[in-house]
Structure formats: C-alpha cells, structure tokens
Amino acid sequence: MMDCKNIREVLDLYVDGELSPEATAQAEAHLQECASCRRTVDRLNRLRQAVKATVGQYQPTSQLVARVRQSTISPWARPAIWVPAVAVAVLIIVLGLFSPQIRSVAASELEVAAFHLDDSRATVMEGKLLCRDCLLKEEYGYQAMCPTRGHHGSLQTKDGKIWQFLDGQTSEELIHNSKLLGRTVRIHGRCFRRASSIEVDSYEVL
Amino acid sequence: MLLGWTSRSRHFERDALPHLPALYRMARQLVGAEAADDLVQETFLRAWKYFETFDSATNCRAWLFRILRNVWISRWRKSRLELPLTETGDEQIEPYYDWEDEFLRDEMSVEVERALSELPADYRLAILLADVEELTYQEIARVMECPIGTVMSRLNRGRKMLARLIRAYAESTGSNPKPEEFVRRKP
C-alpha cells in the first residue's frame, strides 16, 4: 500500500489517469484513510477544473470558422477548378477590352475550340429555310443588311432553334438563294450543337 | 494514402474541422486574442496541405496540436523574449507537500488566466493539453516532441508554479501586484 510520500510523488499521474490499475487501486486505498492527502488531491483537481473552465470559455467566431472552411475544403480552394477558370476569364477580359483585332482572333480561336470540343456526328435534320438576319430584325430590331447584301439562309427546326450553315460548295445555295426561303428542306450532314452549325453534305427540298 | 479531392475534403471536414474550437482556445492562450485567428487559420492551412500524411488510426486532435505548436514556434514564439527553461534535472518530480492551504475560490477566472499567461510557455502548453484537452501523456509527448518524463516534470512544475501565482494574485487583490516577482522563481 502507498504511504503519503509515495502518493504525493505520483499525484499528477493519479489525477491524469496515467497510473496502472494496480497503482490506482493502491492510491485509492491510501486516500480512503488519509484526509491530508485527500485534501491535496482535491486542491489539484480544483486547479485542473479552474484551468479548464477559464480556457474553455472562449469560442471561435463564425467568421473564423467560415474563413478556415473557405481556405481548406471549399471548392474555391481547389486549384484545379478556379485557377484555370480565373486565368481564362482574365485573359478574355483583357483581350476583349484592349484589342478589337485580338478579340476577333480570339473569337475565331474560341470557335475552333468549340468545334473541337463538340460531339459532332452525321445527322439528318429537317426544317424551314428562313433568313437569319430578317429573323433577328423582327425579334431584336437588328439592322439587317438584306436589302443591299442579300438574305442569309438558315435552318429553323421545329423546336424553334436556328442553325447556321457552314460555308461550303453544297451549302451555298441554301445560304444565298433567296428563292428557297420559306421552303422545307431535309439536310444530310454533320451537326455541331454548341456552335449551332451544320456542315451540309447534301440536301433535298421537300 | 492518396485521396481524391472530394474524398479528402470529406475526411478533413469529418476528422479535422470539428477540432477548430479546441485549437482556437489553445491559440488564444499562446498568442493572445489578437493573433489567435491567424494562428488557427495557418494551422488549418498547413493541416490541409499535409492531410495525406495524417494516419487516421491516430488522434487527429493531437496531430493538429502538433502542427499548431510548430506554426507557433516558427512564426510567433521566436519573436517573443522568454527566459529558457532550465532543462537540468528536467525529469525530476517533486512531491506535493505544500498544498494543504486553500488557494482557490469559486470565481477566479481572472487570476487563473493571468497566472497562466505568466507561466513559461512549455509548462503552459503541457498543462493545457492535459487539463483542458485531456490528452494522454503519450500524446502530449508527441505534440511537444519530448520524452514522457519531460511531460511529467513540466506538468508537475507547471501546476505548482500556477498555484503559487494564483495564490499571489489572490492575496494581492486591491493592491498593485507585480507579476514579474512571481514568475520563474525557482520551483
């Protein structure tokens, strides 16, 4: 069994629960019989509680919690997403603001990129031939140049979507022959959905 | 263990972020209210960066405290003048013979906080990890990167010094205490 000297040497371990089960049992047996050591244990436990209560009263602000989340697990902390996105956005803004020529080149490049990215495939589309510029004039007040430059044939499908014909030998009639406007046609070719464009292989007027 | 971003994010939210309040209260005791937010944020940034190295079979809170201690040492502690601890006989434990008199009242948070702030930082850290965060001696030794015997002696000396400081502040209520008279006196 422990005596006063023994227990006072291991008091920290006792109150911190670091003594072995056997040593703990010996310490408790002594404490049952020794009021002086019980008082000392009580003082030490009260000191530990006072420290815990004093330090534990402080809580982080909601702003700090939000900041930590934002800088770690937020999707915006993921470089793979936002770095390229921001870089492209900045590039487009700079190009758009500072150079019309560059803007035009960039637009063409983006168009090419769109074609590359598109899931183009052979298709058959049916719709009515309408002048794109006249449609835009009617819907948005666009100043169409049709009286001087001629109409610009496009395909309007049943869902109301307007498709542009890519320039080519086969599509020339569809684009520039105003006599075909208003006719229903069936187009065989490739469709580029993101660019709303059709490459015409052949067509038939219905 | 290599985790995808979504999985890593989910694990971090589950294992690390719940300990933010514990890290904050520790940071506050180490660097004060003004710098505590910065210390916590830098700790979590570093934890997020090295989260792949965390062994999920171990205590995440202890791992975070170790990072916090490293950040604190590299960014804050070196800028503060502090007397070094005497490491000679560092692992000696002195029995509690002088704890018979009453030195704690019910409402003493002001005195306790003041006394804590005057403790040498390594004593303070050991006491906070044991009494507030209830880490085991083994975990405290890992956080503080020292032997268990050193943890024991720091707790022993730190608690005795803390009690003396609290007693001194309590006795000097109404006067102008001079805390520097009470700190780093040979235990």
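The values are calculated or read from the model by the stated rules, or taken from the named source; none is laboratory data. Given the structure is predicted, the values throughout are model-derived calculations rather than measurements. Virtual Cβ from ideal backbone geometry, glycine too; neighbours counted across all protein chains shown.
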Got a sec? Which of A:R48, A:R38, A:R103 is more than 23 Å from B:M26 (Cβ to Cβ), at pLDDT 90 or above and charged (D, E, K, R)?
-> A:R38
Could you grab me the full set of residues in region A:140-198 that are of a type in the set (F, W, Y) and either modelled with pLDDT of 90 or more or within 15 Å of A:G127 (Cα to Cα) (or both)?
-> A:W163, A:F165
Reported set for region B:12-41 where residues are more than 7 Å from every other protein chain (Cβ to nearest Cβ) and of a type in the set (D, E) is B:D15, B:E34, B:D38
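Between B:R167, B:R157, B:R114, which is closer than 17 Å to B:R25 by Cβ and modelled with pLDDT of 70 or more?
That would be B:R114, the only listed residue that is closer than 17 Å to B:R25 by Cβ and modelled with pLDDT of 70 or more.
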The correct count of residues that are more than 8 Å from every other protein chain (Cβ to nearest Cβ) and outside any helix (DSSP H, G or I) in region B:128-166 is 6
Residues being more than 9 Å from every other protein chain (Cβ to nearest Cβ) and at pLDDT 85 or above - total across region A:54-94 = 3
When B:L125 is run through (1) farther than 17 Å from B:N59 by Cβ; (2) surrounded by 23 or more Cβ atoms within 10 Å (Cβ to Cβ); (3) more than 11 Å from chain A (Cβ to nearest Cβ), the failure sits at (1)
Could you please give the count of residues in region A:172-189 that are free of Cβ contacts under 8 Å to residues at least 24 places away in the same chain, among the charged types (D, E, K, R) and in contact with a strand residue (DSSP E or B) (Cβ under 7 Å, 6 or more places away or on another chain)?
-> 0
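Can you tell me how many residues within region B:18-43 are within 19 Å of B:L135 (Cβ to Cβ) and over 13 Å from the mean Cα position of the chain (by Cα)? Spell out the reasoning first.
Start the filter on region B:18-43 by keeping residues that are within 19 Å of B:L135 (Cβ to Cβ), which leaves B:18-30, B:39-40, B:43.
Those left that are additionally over 13 Å from the mean Cα position of the chain (by Cα): B:18-21, B:39-40, B:43.
Matching residues across region B:18-43 total 7.
A:T40 - would you say it is in a helix (DSSP H, G or I) and buried (at least 19 other Cβ atoms within 10 Å of the Cβ)? Don't jump to the end; show me each part of the working.
Values: in a helix (DSSP H, G or I): yes; buried (at least 19 other Cβ atoms within 10 Å of the Cβ): yes.
Here the answer is yes, as A:T40 does meet what is asked.
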